[in-house]
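The values are calculated or read from the model by the stated rules, or taken from the named source; none is laboratory data. Note that this is a predicted model, so its numbers are computed, not measured. Backbone-built Cβ (ideal geometry, glycine too); neighbour counts: all protein chains shown. The protein model used for the area step is the full one, side chains on, heavy atoms only, and it has no ligands, DNA or RNA in it. Shrake-Rupley method; radii C 1.70, N 1.55, O 1.52, S 1.80 Å.
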Amino acid sequence: MFDPKLIRNDFPILSRQVHGKPLVYLDNAATTQKPHHVIEALRRYYEESNANVHRGIHTLAEEATALYEQAREQVAHFIHAPSARSIVFTRGSTEAINLVAQAWGRWALKPGDEILLTEMEHHANLVPWQLIAQATGATLQFVGLTADGTLDLAHAQALLSERTKLFAVTHISNVLGTINPVADLIRQAHAVGALVLVDGAQSVPHLPVDVQELDCDFLVFSGHKMLGPTGIGVLYGRPELLEAMPPFQGGGEMISNVWLDHATWNEIPWKFEAGTPHIAGAVGLGAAMEYLSALDMAAVRAHEQSLVAYALSAFERLNHDIMIYGPKDPALRGGVIAFNYQNIHPHDVGQFLDGEGVAIRAGHHCAKPLMRRLGVVATARASFYLYNTTQDADRLIAALQKTKETFSVVAHR
Ligand code: C6P
């Protein structure tokens, strides 16, 4: 039975106070807190098995290598990848997208080719494509949005053509919360011969993702947004694509043999892991996946959906002049609620809420083109995760009530 009140006991940071008030952590789209299980896995790794991987023949090196490769197996299992060969460890979603843009893009793109993106992408799934388009002569196309913040699916269909070589699309928007119908989009893109990269930074932590069912070519996500450490992330790639792509970075570990003037490459996935990797990070991510799997990702999704439904109706009852972005239907959105008061700057809202012990994010959320599309420079954003409760939503709403009262007084002085 999924019980967020019990789950909270596993997260030591959630019992701290901020400005003399119990912390309500609602900045989970930025990064998540860590359970004992992950902290303990990191401690155990450093206290008992720390060594470099794939290099030594001593016991610690063998243990560290086994733990690192076991984490890769755990990742493959978590996203239902057919084999751990298709799992490349990166620093995060950003590095994973840059890897595909540089390694696949430089190899596969030529002038006249098109890369299809959407207007709701995070900078991480936009700027790497701008760079590779400039380098190769490929052009960028963008799927527009409907008034309620969903993708314009007719526009996507119209833009897909035999010129489209890659469709890179976010699974869940980090601003609108919109859950995109990626399985349908992948089918449509494949029908014109395009590959699809799914940005799973906001989806893999929050709902069941099965790469075989989706039939995506690439999937990226970040460990720190799913209870794991910062500095570790994942690129899933179809093995035949990873085999065909040239390396991303050169150095130790990614080679098979090296001469003074040339080198040959290691097998996948190590071909894409130059240098000493974040071994402890991978071990921590494996532990995070263990923890999430024990809770069951379908239960995580159900909890977040009901929490967002609860919070959205509480927002409505507030009856403030608040604009909420993204689809109204909680079934169509993840755990993110971005909003703006008409007359209070989102940074002021964020700062006032911090004084109440409520942590949210305010800013452009690394999605400046989307902000422009929404006609704002920034929004406030509350984002929920498995350890949040309806009491947290109540604390948010009570703090917003106080914000409104305080700023109304200031405005009328
Ligand atoms: N969004 C947010 O507060 P990294 O930084 O590499 O772990 O993740 C990048 C990234 C890529 N795609 C999406 C959809 C994202 O939401 C993010 C990270 C955080 O919204 C930090 S800006």
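Evaluate the following for L370: is it open to solvent by less than 10 Å² (accessible area, probe 1.4 Å), within 19 Å of the chain's Cα centre (by Cα) and not hydroxyl-bearing (S, T, Y)?
Here the answer is yes, as L370 does meet what is asked.
Condition check: more than 14 Å from L332 (Cβ to Cβ), in contact with a helix residue (DSSP H, G or I) (Cβ under 8 Å, 6 or more places away or on another chain) and open to solvent by less than 30 Å² (accessible area, probe 1.4 Å). Does V169 satisfy that? Yes; evaluated as a whole, the condition is true for this residue. Check whether at least one residue in region 59-75 is open to solvent by less than 40 Å² (accessible area, probe 1.4 Å), at pLDDT 95 or above, within 16 Å of the ligand (Cβ to nearest atom) and under 23 Å from the mean Cα position of the chain (by Cα), and report yes or no. Yes, that holds for at least one residue. Among the residues of region 33-58, which ones are free of Cβ contacts under 8 Å to residues at least 60 places away in the same chain, within 30 Å of A359 (Cα to Cα) and either of a type in the set (D, E, K, R) or buried (at least 17 other Cβ atoms within 10 Å of the Cβ) (or both)? Those that are free of Cβ contacts under 8 Å to residues at least 60 places away in the same chain, within 30 Å of A359 (Cα to Cα) and either of a type in the set (D, E, K, R) or buried (at least 17 other Cβ atoms within 10 Å of the Cβ) (or both): I39, R43. With respect to H262, is the statement that it is within 16 Å of the ligand (Cβ to nearest atom), open to solvent by 20 Å² or more (accessible area, probe 1.4 Å) and not basic (K, R) true? Taking the combined requirement at face value, the residue does not satisfy it. One residue stands out in region 308-326 among those that are of a type in the set (S, T, Y) and touching a residue at least 12 places away in the same chain (Cβ under 8 Å): the one that is surrounded by the most Cβ atoms within 10 Å (Cβ to Cβ), namely Y325.
The condition (being closer than 22 Å to A309 by Cβ and open to solvent by 10 Å² or more (accessible area, probe 1.4 Å)) is satisfied by just one residue among P205, P181: P181. When you check T94 against the structure, is it open to solvent by 40 Å² or more (accessible area, probe 1.4 Å), modelled with pLDDT of 95 or more and within 16 Å of the chain's Cα centre (by Cα), yes or no? Criteria met by T94. Just a yes or no: is a residue in region 330-337 away from the ligand (no atom under 16 Å from the Cβ) and touching a helix residue (DSSP H, G or I) at 6+ places or on another chain (Cβ under 9 Å)? Checked region 330-337: at least one residue is away from the ligand (no atom under 16 Å from the Cβ) and touching a helix residue (DSSP H, G or I) at 6+ places or on another chain (Cβ under 9 Å). If you go through region 2-25 and keep only what is in contact with a helix residue (DSSP H, G or I) (Cβ under 6 Å, 6 or more places away or on another chain), buried (at least 17 other Cβ atoms within 10 Å of the Cβ) and of a type outside the set (D, E), you end up with R8, L14, V24. Is it the case that some residue within region 76-89 is open to solvent by less than 10 Å² (accessible area, probe 1.4 Å), among the hydroxyl-bearing types (S, T, Y) and closer than 24 Å to G281 by Cβ? Scanning region 76-89 turns up at least one residue that is open to solvent by less than 10 Å² (accessible area, probe 1.4 Å), among the hydroxyl-bearing types (S, T, Y) and closer than 24 Å to G281 by Cβ. Of the residues making up region 379-392, those that are of a type outside the set (D, E, K, R) and either touching a strand residue (DSSP E or B) at 6+ places or on another chain (Cβ under 7 Å) or crowded, with 24+ Cβ neighbours inside 10 Å (or both) are T379, A380, A382, S383, F384, Y385, L386, N388.
Flag: A287 matches the condition of being in a helix (DSSP H, G or I) and at pLDDT 95 or above. For region 382-401, filtering for residues that are in contact with a Pro (Cβ under 8 Å, 6 or more places away or on another chain) and either without any contact (Cβ under 8 Å) to a residue 12 or more places away in the chain or under 30 Å from V143 (Cα atoms) (or both) leaves 1.
A residue that is more than 20 Å from N98 (Cβ to Cβ) and open to solvent by less than 50 Å² (accessible area, probe 1.4 Å) occurs nowhere in region 127-137.
Among the residues of region 365-378, just one is touching a strand residue (DSSP E or B) at 6+ places or on another chain (Cβ under 9 Å), touching a residue at least 40 places away in the same chain (Cβ under 8 Å) and either under 30 Å from F2 (Cα atoms) or in a loop (DSSP other than H, G, I, E, B) (or both), namely H365. Within region 327-364, the set of residues being in a strand (DSSP E or B) and either open to solvent by 40 Å² or more (accessible area, probe 1.4 Å) or in contact with a His (Cβ under 8 Å, 6 or more places away or on another chain) (or both) comprises A338, Y341, R361, A362, G363.
Counting only strands (runs of 3 or more DSSP E) wholly contained in region 190-258, the ones carrying 2 or more residues that are more than 27 Å from L109 (Cβ to Cβ) and either without any contact (Cβ under 8 Å) to a residue 12 or more places away in the chain or away from the ligand (no atom under 16 Å from the Cβ) (or both) occupy 255-258.
Would you kindly identify the strands (runs of 3 or more DSSP E) lying entirely within region 106-171 that contain at least 3 residues that are within 16 Å of the ligand (Cβ to nearest atom), closer than 18 Å to F218 by Cα and out of contact with any Phe, Trp or Tyr (no Cβ under 6 Å at 6 or more places or on another chain)?
164-170
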